[in-house]
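One structure is given below, encoded as C-alpha cells.
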Amino acid sequence: MKKSYILLALILLVIVYSSPISAKQNLVAVMPFNNGDLGWNGLDKEHILKGITQMITDKLVEVDGIKVVERTRLNKLIKEQKLGQSGLIDSVTAAELGRILGVDALILGTLTQMEIKEKASISFGPFKSSGVAAKVLLSGRLVDASSGEIKSSFQGIGEGSDRSIQISNLKGVSFGTEAFKKSALGKSIEQATDNLINNITEGLKSKSIEGKVVKVLSNKVIIKVENSEDFSLGQRGQLLRLIEVEELEEAVTMPMGEVRVISLSKGAVIAEIIEADSQVTKGDIIKFE
C-alpha cells in the first residue's frame with residue numbers, strides 16, 4: 001500500500017512539472033472610440049461609436065493571450081473620472097486609469113473616416129439599380145498603462161457596397177441588427193474592425209522583453225529584469241552580446257545562443273544555458289519574445 005502511494009505521488013509530480021505553463025496574458029482596456037471631423041448624413045453618431053467600441057471589445061475577447069476589462073466596469077470608472085463628455089484622455093490620465101484598472105495597456109481609438117455615398121444607377125433594360133458605397137477608416141494607439149507612453153499605432157480600413165438600399169434607409173437601422181450588418185456601412189465597419197484587431201494583436205504579441213546577465217553559475221545565469229511576472233517557466237530567450245567595433249559608431253549585436261527560464265524571482269529570472277557559442281559573461285543580453 002505504501003509503495004502505491006509513493007508511486008501515485010511520483011506520477012502526480014511528473015504530470016505537474018511536465019505540464020506547460022501558459023504565458024502571462026495581456027490585460028487591456030478598450031476606451032470609447034472618438035470621431036474625427038465627419039459628416040454623419042443624419043446617422044446616430046453616439047450609437048455607431050458605441051457599437052464600434054463594443055465590436056472591438058468582443059473581438060479582442062476571442063484572441064488568445066489577451067484579456068479585456070469588462071465594459072461595465074470601464075464605463076463606471078469613466079463616469080467617476082468625468083471623462084464621459086469628451087472621451088479624450090492624455091498620457092497622464094491613461095497612466096492613472098491603467099493603475100486603477102490594473103491593466104497592461106489601453107487602446108485608444110478614433111473613427112477617422114466614414115464615407116457614405118450613393119452609387120450611380122445602372123440600367124438593366126427597363127429596370128434601374130442603385131445603391132450605397134461606404135468606406136471606414138479606424139485609427140488606434142496602444143498606450144502603456146504604467147507610463148502613459150504610446151507603444152504603437154495602427155489602422156483598420158474597410159469598404160463595402162449594397163445595391164438594395166439608399167442612404168436614407170440607414171437612418172432607421174439599429175447597429176448590430178442583421179439589416180445593418182448586411183448594409184454597405186455595416187460591411188465596412190466589420191472589415192475595418194477585423195483589420196484593426198489583427199494590427200492590435202500583432203502589436204501586442206510582437207513585444208519583446210530584454211534582461212541583462214548579472215551572474216553566471218556554471219550552466220545557469222541570473223538575469224535582471226524589470227518585472228519577473230512578464231515571464232513563464234520554460235520560456236526561451238536569445239543570448240546576445242554587444243560587441244564594440246572601432247570602425248563602427250554603434251555596437252554590433254551578436255547572437256550567441258539560447259537559454260530557458262527555470263525559476264522566477266522578484267526582479268530576476270534564472271535560466272539554464274541550452275547552447276552558447278562561447279562563455280557567457282556578466283553584461284550579456286537575453287532577449288525574450
One residue from THR193, THR281, THR253 being surrounded by fewer than 15 Cβ atoms within 10 Å (Cβ to Cβ) and either in contact (Cβ under 8 Å) with a residue 40 or more places away in the chain or assigned by TED's automatic domain parsing to the domain that holds ALA105 (or both):
THR281
Selection within the range 232-243 - exposed (fewer than 15 other Cβ atoms within 10 Å of the Cβ) and either assigned by TED's automatic domain parsing to the domain that holds LYS67 or modelled with pLDDT of 85 or more (or both):
LEU233, GLY234, ARG236, ILE243
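Look through GLU289, GLU275, GLU246, GLU229 and report the one residue that is exposed (fewer than 14 other Cβ atoms within 10 Å of the Cβ) and without any contact (Cβ under 8 Å) to a residue 12 or more places away in the chain. Give the steps one after another, and end with the answer.
Values: GLU289 fails: without any contact (Cβ under 8 Å) to a residue 12 or more places away in the chain; GLU275 fails: without any contact (Cβ under 8 Å) to a residue 12 or more places away in the chain; GLU229 fails: without any contact (Cβ under 8 Å) to a residue 12 or more places away in the chain.
Selected residue: GLU246, the only one of GLU289, GLU275, GLU246, GLU229 that is exposed (fewer than 14 other Cβ atoms within 10 Å of the Cβ) and without any contact (Cβ under 8 Å) to a residue 12 or more places away in the chain.
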Which one of the conditions (1) assigned to a strand (DSSP E or B); (2) closer than 15 Å to VAL216 by Cβ does THR281 fail to meet, given that it meets all the rest?
(1)
List every residue pair whose Cβ atoms sit under 7 Å apart, with the two residues 6 or more apart in sequence or on different chains, where the first one lies in the range 177-189 and is touching a residue at least 24 places away in the same chain (Cβ under 8 Å) and the second, anywhere, is charged (D, E, K, R).
SER183/ASP162; ALA184/ASP162; SER188/LYS135; SER188/GLU159
Tally time: how many residues in the range 228-255 are touching a Ser or Thr at 6+ places or on another chain (Cβ under 7 Å) and of a type in the set (A, V, I, L, M, F, W, C)?
2
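Per-residue answers, yes or no, for (1) in a helix (DSSP H, G or I); (2) at pLDDT below 65; (3) out of contact with any strand residue (DSSP E or B) (no Cβ under 9 Å at 6 or more places or on another chain):
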site	(1), (2), (3)
LEU7	yes, yes, yes
ILE15	yes, yes, yes
PRO32	no, no, no
LEU43	no, no, no
MET55	yes, no, yes
LYS82	no, no, yes
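The values are calculated or read from the model by the stated rules, or taken from the named source; none is laboratory data. Remember, predicted model here, so these are calculated numbers, not experimental data. So basically every Cβ, Gly included, is an ideal-geometry build from the backbone, and we count neighbours across all protein chains shown.
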